[in-house]
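Encoded as structure tokens, here's the structure I'll be asking about.
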Amino acid sequence: GTITLPRLSFCPLVRWPTQRRHFLCQHPRHNLPHHSTQPDSKRVSRLPAAPSCQPLPLFRHFPFSSLPYLSSSARDALQFSTISGTLPITGSKLRISKAEFDHLDAGFDRSNYNDLWSVNANTYMESYKLAYEDDEHDYSDHIIVSAGSIDGKLFGLFEVEPYFGARTFFQQHGKNCLIFGYDWRDELSASADYLESFLKALAGLKNIDFSQVSLVGHSMGGLVVKTFLDQRYAAGSTWPGQAITVGTPFYGAADSLHAVYYGEGDLNDTEDPEKMPRTVATWAGTYSLLFLPLDVFNQPAVQTLIGSYPVVDQRHGTPVDPFSAAAFARYPSWADQGRIQAAQAAVTACSAPPDSDVLPRWYNLQSGGIKTAWSYRWKEIDGNGYQPEAGQGDQSPLSNWSNGDGDGTVPSWSSFHSGTLAANRIKISASVKHSSLLQTAEVQLRINAIIDGIASTGPLFHQ
């Protein structure tokens with residue numbers, strides 16, 4: 001049987017502007033003080049531990065009627081779930097409520113929301129609304145929610161959905177395939193909690209044998225999968241299915257730090273050039289994609305995989321850890337030190353080897369053969385004085401970028417986890433760009449073979 005539920009993950013529990021609840025719990029950022037908005041001071045947020053809370057009834061909060069309509073075939077199980085996510089161009093679709101939280105109907109009807117992050121042209125015109133405000137709320141107390149895979153009409157003409165080909169392929173091979181979206185601006189742990197809540201809700205509606213469920217994380221989605229597995233095993237529960245990552249930046253990617261200084265090229269063309277860097281810097285997800293902490297790099301297995309540290313001082317050539325307190329002075333005034341520190345803990349946890357029970361069922365897929373930024377030099381500047389200006393990206397303190405093998409976004413040394421078994425690290429033969437990986441026949445065949453328990457090498461994948 002098949003399911004076509006591209007927006008099944010649309011859940012208003014993602015973000016509550018007035019009484020922050022996140023995945024059935026009060027959001028840990030709810031009681032934060034206002035951040036400083038003075039240009040001469042870094043934003044410093046404090047992230048207290050999440051308070052205890054009682055679970056809320058979940059089913060009535062899913063606004064769409066898709067959940068009850070899972071396959072009723074003899075194979076009544078969700079067999080395959082893709083965790084999408086790339087920052088910032090593709091991945092999970094986000095929608096924004098038309099009204100402020102206090103004026104929004106309790107029903108959370110789909111008609112109460114507009115697309116905010118999709119392929120549609122208005123995405124580029126309203127991207128500033130993706131920023132968290134100083135009180136940690138979404139734009140003007142509206143609610144922003146994840147809504148499955150990004151899609152829409154490119155230039156108003158062509159329907160685009162990056163994961164459509166993958167979903168069609170797996171459905172044709174007898175697997176229920178569901179695309180799970182999440183708010184990629186948020187912390188990895190929050191997205192992992194959201195995934196677990198979603199799966200529990202799904203299990204409550206259908207008789208699902210989770211030993212038949214595999215998780216596939218594309219790009220940042222692989223970090224969510226790893227965090228989800230780590231949290232489950234730490235809590236004493238397990239995950240019986242396969243876990244597969246595709247093009248996941250376990251040790252970061254070059255563009256993330258650059259975006260904090262200069263924003264994102266296409267979006268900068270439609271916004272004040274000072275606005276997009278400030279928007280990107282409010283997202284916890286941005287800092288989860290920085291090049292790895294030096295403590296992680298110094299682990300022998302990681303150092304063997306990477307070779308040399310990817311961020312060095314422009315003048316002295318010595319390593320500069322983007323997560324270290326010593327580096328904070330180099331960041332622009334709008335960078336959020338609290339989020340950087342929280343991301344350091346999350347990335348460090350993600351670098352740990354998978355649990356021994358997970359290890360045989362943990363796979364990493366990567367592409368190569370495409371010029372990809374591997375490293376750069378970081379000039380020591382007074383970040384408080386840095387101001388981006390239109391057409392002057394050369395003023396960024398990042399320089400001497402060096403390139404190497406990768407998928408055009410993620411270096412090849414970043415998309416293999418050091419704790420993955422050698423036999424489970426799979427480099428596809430084709431050179432495929434990062435955003436197209438799950439649309440590629442070889443990647444689809446390999447994932448299908450892993451799920452079916454077939455050896456993932458051999459002539460099948462060279463046809």
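Name the pairs: first residue in the range 422-449 and farther than 15 Å from Gly247 by Cβ, second residue crowded, with 17+ Cβ neighbours inside 10 Å and of a type in the set (Gly, Ala, Ser), Cβ to Cβ under 9 Å, at least 6 apart or on different chains?
From residues that are farther than 15 Å from Gly247 by Cβ, the pairs are Ala423/Ser456; Asn424/Ser456; Leu445/Ser456; Ala449/Ser456.
Does at least one position in the range 423-441 carry a residue that is out of contact with any Cys (no Cβ under 7 Å at 6 or more places or on another chain), among the hydroxyl-bearing types (Ser, Thr, Tyr), assigned to a helix (DSSP H, G or I) and closer than 22 Å to Arg167 by Cα?
Yes: one or more hits.
Right, next: Restricting the first residue to the range 347-362 and requiring it to be without any contact (Cβ under 8 Å) to a residue 60 or more places away in the chain, which pairs with a second residue that is outside any helix (DSSP H, G or I) meet a Cβ separation below 7 Å and a spacing of at least six or different chains?
Final answer for the pair search is Thr348/Pro293.
Within 27 Å of Asn400 (Cβ to Cβ) and either surrounded by fewer than 24 Cβ atoms within 10 Å (Cβ to Cβ) or without any contact (Cβ under 8 Å) to a residue 60 or more places away in the chain (or both), is that true of Thr304?
Yes: the conditions hold for Thr304.
Next up: If a residue must be in contact with a strand residue (DSSP E or B) (Cβ under 6 Å, 6 or more places away or on another chain) and at pLDDT 60 or above, how many such residues does the range 84-97 contain?
Of the residues in the range 84-97, 6 are in contact with a strand residue (DSSP E or B) (Cβ under 6 Å, 6 or more places away or on another chain) and at pLDDT 60 or above.
A quick yes/no check of all residues on (1) under 19 Å from Leu223 (Cβ atoms); (2) over 23 Å from the mean Cα position of the chain (by Cα):
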residue: Arg339; (1), (2): yes, no
residue: Cys350; (1), (2): yes, no
residue: Asp357; (1), (2): no, yes
residue: Pro360; (1), (2): no, yes
residue: Gln366; (1), (2): yes, no
residue: Ile370; (1), (2): no, no
residue: Asp382; (1), (2): no, yes
residue: Trp401; (1), (2): no, yes
residue: Pro411; (1), (2): yes, no
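The values are calculated or read from the model by the stated rules, or taken from the named source; none is laboratory data. Worth saying up front: this structure is predicted, and the values here are computed from it rather than measured. Neighbour counts run over all protein chains shown; Cβ positions are idealised from the backbone, glycine included.
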